[in-house]
Ligand code: BDP
């Protein structure tokens, strides 16, 4: 198994009795109309049933009262049991010996078809099947950081899936499989190009290429979006300015958007990274993010599309705390955005670190729809050699309580998820985006287990109330094995993997120990064009202790949170350990809540974290008999690599911090055999060209 089929394997169900029982309810697929999306739904059911049951199931237009099959019913009528569905939701129920998949739209039928197949793939009984599900968020999308030249910014699974030089004439069959995989999760949008965008995507030549992709994705309910290079009116439009209030610039965008919709009538919208990390933006003309976003929204007015404006901004100010930047720039603009605008916020205040507190913007933009941006690709999570299941990271943020409803509101009433899904502030439009981890590698994601992160993102974008465990269990059953012991073992391994990574990488709230390469440990790195691009800026290790004081005695970033949140984190004695050094500069010899000194606790984390990779290897070895040999061998190799690199992380950190802490490595841990210079050299070699 080369992993190409992802979780849509549809291998024959081994248990013949189970197969027969499913087959009795799957004698036909009835679809009354043949719209393209319904056609995809029927085709997928047919493919899935053929594989799972080993028999070909006919697609018919009318069941004529026959029972024993599957009917896709798209209707405006209320569901039989009165449960409400939104436009893309579905209900699966058994009625008079027929499985009826009811929805209001063709897309709902497609999602219902995939959900039904998932039921079979996870070997659940369908005798009394009754599932009602509607997506909680409207725009569920992948963001591809793919470039014109076929490279992917922060991609670790080969090159781009999009073959720009072949498009629009040549259509890689893989585009359809990409769409199927996304549709199976309910993902309904894809931004095909990098946020550090090339203006080329605004040329007619490239719009035709994008239109060809859109044509493949359309029957799967997926709309395409484009990232925008702010200065495009200058670079490709020949204008002298990109000032959003300049009439010529406004006209240029209005015409451009019209041209886009001519090529792609169901175009989803524009994603913008502006005045961030050197990208141009409206501030170059003394205009605000709102001026910029609203200008584009005006251009989009005649069409059913949105403007997604990223809040990932921070200025090169040596005195500033980068943590506070997005909040400071965006909260004053609350209420000023056009109603077609969504502000897309990264889950944490810094930048996709292995563990961050939730961004304080969530809970403080009551009048502006805030979309969530997660990073699926493992830029800071060990690229494609470390096995990190990300659902716990996503959930940790989504389930965090912002306390935006104020004092006395029951706990859990104002979680980040409820901000994002619009239920808290009544946002009219809602969005969740994941920076994709897909690439041209045969198995799509490089690390075979990273497929689970794509899967988990999609499932959570649909329904953020699902648990990380339930999603892992589902994915393992669909992708790797049904053997109960192994399912449990792999699920446990997945659930612990992120904490293990954090333990050897950035325990107790240490953050951003990297320089240019976001892979290798460089906590000592102190030279860069900007202070906030050094590592020492973030951990602030000195002879007194380590950590970033963000309380009132420090940068006071904590003041950006509601008082209830501040109370949890502002006292170093009671601040939960995972966030301790995010908010406090803690003395080396200070006792933390485990009873150890800070230094001892840090060492314990680095050592047990790295040792736990051995545990992962052992667990994985145990499942060998029931997992495909090719996939098993691949992951075995990567785990060996991960162990080596975890030791590298451990040694780099403890040897570096020891220079300040001046403490011995606590027993029972053995002092690293190599020196700090040795580990520094490893990084130099890593960075050599
Ligand atoms: C950072 C990445 C950089 C992205 C940036 C962003 O290192 O490549 O362009 O995020 O999100 O984490 O814009």
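Using only alpha carbon pairs under 8 Å that are at least six residues apart, calculate the relative contact order of the chain and give it in whole percent.
Relative contact order, the chain: 11 percent.
Kindly list the residues of the stretch 181-220 that lie in the label zone of residue 463, defined by a backbone N under 16 Å from the point 7 Å along the Cα-to-C-beta vector.
Residues 184-187 qualify, since their backbone N sits under 16 Å from the label point.
Provide the percentage of antiparallel DSSP beta bridges, counting only those with both residues in the chain; round to the nearest 5.
So the antiparallel bridges amount to about 25 percent of the total.
For the chain, what does the alpha-carbon gyration tensor say about shape, rounded, prolate or oblate, given a ≥ b ≥ c as the root eigenvalues, a/c under 1.5 as rounded, and a/b over b/c as prolate?
Verdict is oblate for the chain.
Could you work out [θ]222 nm for the chain from helices alone, using -39500 (n - 2.57) per DSSP H run of at least four and dividing by all its residues? Round to the nearest 500 deg cm²/dmol.
-11500 deg cm²/dmol
Suppose R0 equals 35 Å. What FRET efficiency, 1/(1 + (r/R0)^6) with r the Cβ-Cβ distance, do residue 248 and residue 169 give to the nearest 0.05?
Step by step, r from the Cβ atoms, then E = 0.50.
Please sort 476-482, 535-541 by packing, taking for each peptide the average over its residues of neighbouring beta carbons within 10 angstrom, highest first.
Output ranking for 476-482, 535-541: 476-482, 535-541.
May I ask you to compute the full-extension gain from residue 61 to residue 304, defined as 0.36 nm times their residue separation minus their alpha-carbon distance, rounded to one decimal in nm?
Result: 84.3 nm gained on full extension.
Quick one: check the C-alpha center-to-center distance for the stretch 358-423 versus the stretch 615-644, whole angstrom.
32 Å
Between residue 540 and residue 315, what length in nm is gained on full extension when 0.36 nm per residue of separation is reduced by their alpha carbon distance?
Stretched out fully, the residue 540 to residue 315 stretch lengthens by 79.0 nm.
Let's test the formula: R0 of 41 Å, r as the Cβ-Cβ distance of residue 622 and residue 33. What FRET efficiency results, to the nearest 0.05?
Calculated value: 0.25.
Within the stretch 558-573, list the residues whose amide N lies under 15 Å from a label point set 7 Å along Cα→Cβ of residue 413.
It comes to 563-565, nothing else.
Could you rank the peptides 329-340, 165-176, 487-498 by their average count of other C-beta atoms within 10 Å per residue, with the highest value first?
Per-residue mean Cβ counts within 10 Å order the peptides as 487-498, 329-340, 165-176.
With a ≥ b ≥ c taken as the square roots of the eigenvalues of the C-alpha gyration tensor of the stretch 289-438, please select rounded if a/c is under 1.5 and otherwise prolate if a/b is larger than b/c or oblate if it is not?
Verdict is rounded for the stretch 289-438.
What whole number of Å gives the distance from the Cα centroid of the stretch 646-662 to the Cα centroid of the stretch 302-328?
34 Å
For residue 673 paired with residue 528, estimate the spin-label separation in nm (one decimal), with each label point 7 Å from Cα along the Cα-to-Cβ line.
Modelled inter-label distance: 3.3 nm.
When you count, for each residue, the other Cβ atoms within 10 Å and take the mean per peptide, how do 355-365, 558-568 rank with the highest first?
355-365, 558-568
Figure the gain on full extension for residue 338 and residue 596 (residue separation times 0.36 nm, minus the Cα-Cα span) and round it to one decimal in nm.
That pair, residue 338 and residue 596, stretches by 87.6 nm at full extension.
Each value in this text was obtained by applying a stated rule to the coordinates, not by laboratory testing. Owing to the predicted nature of the structure, the values given are computational and were not obtained by experimental measurement. No Cβ is skipped: glycine too gets one built from the backbone with ideal geometry, and neighbour counts run over all protein chains shown.
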